[in-house]
Amino acid sequence: MNYLLFLIPLAVGIYTLCFAAWLWRQKNRRGALGTFLLTVITMAVSFYTIFLRQPF
């Protein structure tokens with residue numbers, strides 16, 4: 001069930017990385033790097049909360 005729950009943030013992350021690639025091609029380097037970093041951090045936090053965090 002956790003894998004299905006992780007599909008939603010994964011889909012959003014893939015979409016956001018495609019947007020970052022588009023920004024990079026449009027010569028908006030700072031926006032692309034910021035979007036990429038935000039996506040990586042969000043995916044790491046999502047992975048941690050779904051798979052690694054201990055339940056109460």
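The values are calculated or read from the model by the stated rules, or taken from the named source; none is laboratory data. These figures come from a predicted structure and were not determined experimentally. Note: ideal-geometry Cβ built from the backbone for every residue, glycine included; neighbour counts use all protein chains shown.
The table that follows gives values for the structure above.
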item	result
Condition met for GLY31 (modelled with pLDDT of 90 or more, in contact with a Leu (Cβ under 8 Å, 6 or more places away or on another chain) and surrounded by 10 or more Cβ atoms within 10 Å (Cβ to Cβ))	yes
Hits in the chain (condition: not polar (S, T, N, Q) and not in a helix (DSSP H, G or I))	MET1, LYS27, ARG53, PRO55, PHE56
Scan of the stretch 39-56 for residues that are surrounded by 13 or more Cβ atoms within 10 Å (Cβ to Cβ) and either over 30 Å from LEU23 (Cβ atoms) or under 12 Å from the mean Cα position of the chain (by Cα) (or both), ordered by number	THR39, VAL40, THR42, MET43, SER46, PHE47
Neighbours by Cβ (under 8 Å, 6+ apart or cross-chain): first from the stretch 36-56, at pLDDT below 90; second surrounded by fewer than 11 Cβ atoms within 10 Å (Cβ to Cβ) and among the polar types (S, T, N, Q)	ILE50/ASN2; PHE51/ASN2
Contacts under 6 angstrom Cβ, first residue in the stretch 1-28 being over 12 Å from MET43 (Cβ atoms) and at pLDDT 95 or above, partner surrounded by 14 or more Cβ atoms within 10 Å (Cβ to Cβ) and not acidic (Asp, Glu), 6 or more apart	ALA20/ALA32; ALA20/THR35; ALA20/PHE36; LEU23/GLY31; LEU23/ALA32; TRP24/ALA32
